[in-house]
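This report refers to the structure that appears directly beneath it.
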Amino acid sequence: MTVTREARRGEPPPDETTDGPDRRQAVDFDGLYHAHFRSLTVQLAAYCGDLSQAQDLVQEAFCRAFARWSRVSRYDDPVAWVRRVAWNLATSRWRRLRTAESWLHRQREEHVPGPGPDRVALTAALAQLPPTQRRAVVLHHLADLSVGQIAEQEGVPEGTVKSWLHRGRAALAAQLTTTNEVTDHA
């Protein structure tokens, strides 16, 4: 008479080898991996369209199976579990790519025209000013700071800022007038 005992929840299945339960699990996982890696990779490659991506997905599925091997090894079909995990990973990858592509399509390209000749001339003229005069002109006319705010920021008296602005404007006027006269005669 043979007495069989059903496996209880939380217990590993009865061990039939003499090498101990740890050795059996390692052999089973290795055997499962070597027997099914290629076939699962082919299936995922057909689904994904990319062999290297399929190999990565199947490898990740097997890594997850290995981490849970004490539980996965007791399933009726551990390969089905690995296959399901690999397919879920592929689906998640596809969803992430679709979301990223959708986001990229929503981004609108802004076409900004290049700087006009006046802006190029002004930039070139500003570049030729001394740094203090350039800073004063830019802060006053482009940043809309008052003479008092510029003086406070630069740590100088207001009279100095007024002097920088006057000299900077005069130099810009001379340079821009010369530039306009040259382009008008050409």
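A few remarks follow.
- Filtering segment 33-55 for residues that are basic (K, R), assigned to a helix (DSSP H, G or I), surrounded by 13 or more Cβ atoms within 10 Å (Cβ to Cβ) and at pLDDT 90 or above leaves an empty set.
- Scan segment 123-174 for residues that are touching a Gly at 6+ places or on another chain (Cβ under 8 Å) and basic (K, R) and the total you get is 1.
- Pairs where the first residue, in segment 141-157, is farther than 24 Å from T123 by Cα and the second is outside any loop (DSSP other than H, G, I, E, B) and open to solvent by 40 Å² or more (accessible area, probe 1.4 Å), C-beta under 7 Å, 6+ apart: G148/E158
- Close pairs (8 angstrom Cβ cut-off, 6 or more residues apart or separate chains): within 16 Å of V138 (Cα to Cα) in segment 106-125, open to solvent by 80 Å² or more (accessible area, probe 1.4 Å) and part of a loop (DSSP other than H, G, I, E, B) anywhere: T123/P115
- Residue that is surrounded by the fewest Cβ atoms within 10 Å (Cβ to Cβ) [pool: residues in segment 58-82 that are acidic (D, E) and out of contact with any helix residue (DSSP H, G or I) (no Cβ under 7 Å at 6 or more places or on another chain)]: D76
The values are calculated or read from the model by the stated rules, or taken from the named source; none is laboratory data. In this text, all values refer to a predicted model and were calculated from it rather than measured experimentally. Here Cβ is always computed from backbone atoms with ideal geometry, including for glycine, and neighbour counts include all displayed protein chains. What goes into the accessible areas is simple: the full protein's heavy atoms, side chains included, and nothing from ligands, DNA or RNA. Shrake-Rupley method; radii C 1.70, N 1.55, O 1.52, S 1.80 Å.
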